[in-house]
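Remarks on the structure that follows.
What follows draws every value from the coordinates through simple rules; no lab data is involved. These numbers come from a predicted model, not from an experiment. Here Cβ is always computed from backbone atoms with ideal geometry, including for glycine, and neighbour counts include all displayed protein chains.
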Amino acid sequence: MTKTLKIIWWSSIKHLEEVCPPLPANKFIPSWYKNIHSPKIDATASNVKGCPSFPMLFSQGYVIPLWTDVVLRFHKKTNQYQWLTPDAQYQMESHGAAQLMDHLPEDIKKDIAFILKPTCPWKLITPTGYSTLQLPMTYYFNPIFETLSGILPTDKWHQTNQQMLIKKSAFEKSSEIIIPKGTPLATYIPFKREEYKYVISPQTEKLLKDEKIRELKLFSKFRRRLQELD
C-alpha cells in the first residue's frame, strides 16, 4: 500500500488559513482553458482539452493566492517604485537589481520594472528528504508579473517568499496598478530528492516492441488513453 505523505502549511498571520489559504492547484485552472469545448468523442481532430499533459499539470501541487490587495506605482523616468497594502501587517520587500535583474540578458531586462518580494506569511513543511518546486502560474499569461522559479528545501527551511518580476508593460496606461487579493502567485510541487542514472540507449528490438504495444493501446481508445497503460 502506498504511504500518503503529509505536508503542513501554516501562517504567521493568525486565522489567515480561514480567509486566504493555499489551495490545491486544480482550483486555479486558467479560465481560457476551462472555456475551451472538449472535442467530440469520435472527433478526428483534437485540441488542448484532449491533451493529457494539461489536466495532469493543473492537478499537481498547491497554489498560494495573494493574501492582500497590493497597489504598485512605477515612475518610468526615474525607475522608482512604491508599493502599498491596506494594513501594516502585510509587508513587501525590495529584491535589489544587483541581486538578479542587473545580470539578466538585455532583451529580458528591458521589460522589467522591478522585482518585488512579498513577505509571505505562509510556511511549508515537507517530510525529510522532500523539497518543493516553486513555479510561476503556468499558462496564466499574467500581464503584470511572473513569479520566478526555484527549489525550496522545505524539509529544513520553511519560508516561501516569492520573487515577483513586475513588467514595465503593465504601466503603459497608468503609473499605478493594483494586484487584487486572491491573485494566484505561484505553484508549489513537493518532490523527493533522488539521484537518477543517466543512460543514452541505442534503438533496440525490445524498445521498438514496447513502443508499438503502447501505441496499439493508446490509439484504440477515443479518450482516457493513458489509463489503458496503467
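Between Ile8 and Ser59, how high is the FRET efficiency from 1/(1 + (r/R0)^6) when r is the Cβ-Cβ distance and R₀ = 22 Å? Nearest 0.05. The partial results should precede the final answer.
Working: r = 21 Å, r/R0 = 0.94.
For Ile8 and Ser59, the calculated efficiency is 0.60.
Cα-based Rg (one decimal) and Dmax (whole number) for the chain, in Å?
21.7, 66
Please state the charge dipole magnitude for the chain, taken about the Cα centre, from unit charges on C-beta atoms (+1 on K and R, -1 on D and E), reported in debye and rounded to the nearest 20. List each step's numbers first, then the result.
On the way: 31 positive and 22 negative charges, 109 e Å.
The calculation lands at about 520 debye.
Say each of Gln203 and Glu215 gets a label point 7 Å from the Cα, pointing the same way as Cα to Cβ; how far apart are those two points in nm?
1.1 nm
HN-Hα J couplings of the range 181-198 from phi, Karplus 6.51/-1.76/1.60, θ = phi - 60°, integer Hz, Gly and Pro as x?
These are the phi-based 3J(HN,Hα) values: 3, x, 4, x, 8, 6, 9, 10, 10, x, 8, 7, 6, 9, 9, 10, 7, 9 Hz.
When N counts the residues of the range 1-98, how does its alpha-carbon radius of gyration compare numerically with 2.2 N^0.38 Å, as a ratio? Walk me through the numbers before you get to the answer.
Details: Rg = 20.3 Å, N = 98, 2.2 N^0.38 = 12.6 Å.
So the range 1-98 has a normalised radius of gyration of 1.62.
Taking H placed 1.01 Å from N in the peptide plane, check which residues at least 5 places from Thr119 or on another chain put their amide H under 5 Å from its amide H.
Gln91, Met92, Glu93
Per residue of the range 81-98, what does 6.51 cos²θ - 1.76 cosθ + 1.60 with θ = phi - 60° give for ³J(HN,Hα)? Whole Hz please, x for Gly and Pro, Karplus curve as stated.
9, 9, 10, 8, 10, x, 8, 5, 6, 9, 10, 10, 10, 8, 9, x, 4, 5
Residue-wise, which Karplus ³J(HN,Hα) couplings in Hz belong to the range 9-14, taking 6.51 cos²θ - 1.76 cosθ + 1.60, θ = phi - 60°, and x for glycine or proline?
Whole-Hz 3J(HN,Hα) from phi for the range 9-14: 9, 9, 10, 7, 9, 4.
May I ask you to derive the relative contact order of the range 8-192, considering only C-alpha pairs under 8 Å and at least 6 residues apart, and to give it as an integer percent?
Values: 328 pairs, mean separation 51.2, N = 185.
Relative CO of the range 8-192 lands at 28 percent.
Expressed in nm to one decimal, what extension gain is obtained for the pair Glu176 and Tyr139 from 0.36 nm per residue of sequence separation less their Cα-Cα distance?
Values: separation 37, 0.36 × 37 = 13.32 nm, distance 2.51 nm.
Additional length available on full extension: 10.8 nm.
Give the separation of the Cα centroids, the range 193-210 to the range 142-183, in Å.
39 Å
Quick one, can you get me the convex hull of the C-alpha atoms of the range 103-230 expressed as volume per residue in Å³? Provide the component values of the computation, followed by the final result.
Working: hull volume 30.2 nm³, N = 128.
It is 236 Å³ per residue.
In deg cm²/dmol and to the nearest 500, what is the mean residue ellipticity at 222 nm of the chain if only DSSP H runs of at least 4 residues count, each as -39500 (n - 2.57), divided by the residue total? Intermediate values should be presented prior to the final figure.
Values: 4 runs with 28 residues, N = 230.
Result for the chain, helices only: -3000 deg cm²/dmol.
Give me, ordered by chain and number, the residues 5 or more places off Thr68 or on other chains with an amide H under 5 Å from its own placed amide H.
Those qualifying (amide H under 5 Å, at least 5 residues apart or on another chain) are Gly182.
How far is helix 205-218 tilted off the main Cα axis of the chain, in degrees rounded to 10, range 0 to 90?
80 degrees
Based on the mean of other beta carbon atoms within 10 Å per residue, what is the order of 22-32, 121-131, most packed first? Show your work: numbers first, answer last.
Numbers: 22-32: 14.7, 121-131: 17.1.
Top to bottom by mean Cβ count within 10 Å: 121-131, 22-32.
Which FRET efficiency value, to the nearest 0.05, is calculated for Met101 and Lys40 with the Förster distance at 41 angstrom and r the Cβ-Cβ distance? Write out the running numbers ahead of the final one.
On the way: r = 48 Å, r/R0 = 1.17.
Working from the Cβ atoms, E equals 0.30.
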